[in-house]
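Let me begin by presenting the structure, written as structure tokens, before commenting on it.
Every number here is computed from the coordinates shown, using simple stated rules; none is lab data. Computed from a prediction, not measured in an experiment: that's the story for all the values here. Heads up, the Cβs are rebuilt from the backbone with ideal geometry, glycines too, and the neighbour counts pull from every protein chain shown.
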Amino acid sequence: MTWRSGLVIIVAVVIGVLAALNWGQLAQPVAISLGVMGVTAPLGLVMLGLTVVLAVLLLAYVIYIQGATLLQTRRHHKELQAQRNLADNAEASRLTELRSYLDTQEQMRQQRLTALQTQLLARIEQLETALNARAEQSDNSICAHLGELEDRFERSGTLPSSASA
């Protein structure tokens, strides 16, 4: 309970206690002027009745304000939830687009890698073929030079001692 509610309850109790203690004076009829005419009625009861009517009207007003605020809060909550859902959907869409973009980039990278591997293997094979041809040419050249040296030694008649054995 808030301090305002407690204050209202205390005032209502004080009014009730004062009315009960002074009931005799509140119920005495007196001449009351209503502006254009006069009436004989118990002034205390009229004032107490007007206080009760005022309290009921104020209570109805408070209930109305509370209900209107509650409805407005509910409407704002629904709008906020709709905006939150919209933002979540937009974020999910962005994430899906990002995932698609990353997948496409990964596929392109794999294709480039495969193409580079193919080119590298072809280049290695080409170099291996060239190396084998160069080695064979070098072997042939060395054999030819050795054959030529053997022929010279045979014509000259001098063979090294290791060659005659």
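Please give the calculated 222 nm ellipticity per residue for the chain, where each DSSP H segment of at least 4 residues contributes -39500 (n - 2.57) and the sum is spread over every residue; nearest 500 deg cm²/dmol?
-31500 deg cm²/dmol
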Problem set entry | Cα-projected label distance for Gln117 with Asn132, points at 7 Å along beta-carbon direction, nm | 2.3
Problem set entry | Percent of alpha-carbon pairs separated by more than 23 Å within the stretch 63-150 | 69
Seminar exercise, completed: Taking Cα atoms only, helix 3-21 is inclined relative to the longest principal axis of the chain by an angle, in degrees rounded to 10, of 10
Problem set entry | P(r) histogram, all alpha-carbon pairs of the chain included - 10 Å bins from 0, percent | 7, 12, 10, 8, 7, 7, 6, 6, 5, 5, 5, 5, 4, 4, 3, 3, 2, 0
Exercise. How far, in degrees from 0 to 90, does helix 43-156 lean away from the longest principal axis of the Cα atoms of the chain, to the nearest 10?
Worked result: 0
Exercise. So for the chain, taking the charge dipole from beta-carbon charges (+1 Lys/Arg, -1 Asp/Glu), which of Ala12, Ala133, Val36 sits furthest toward the positive end?
Worked result: Val36
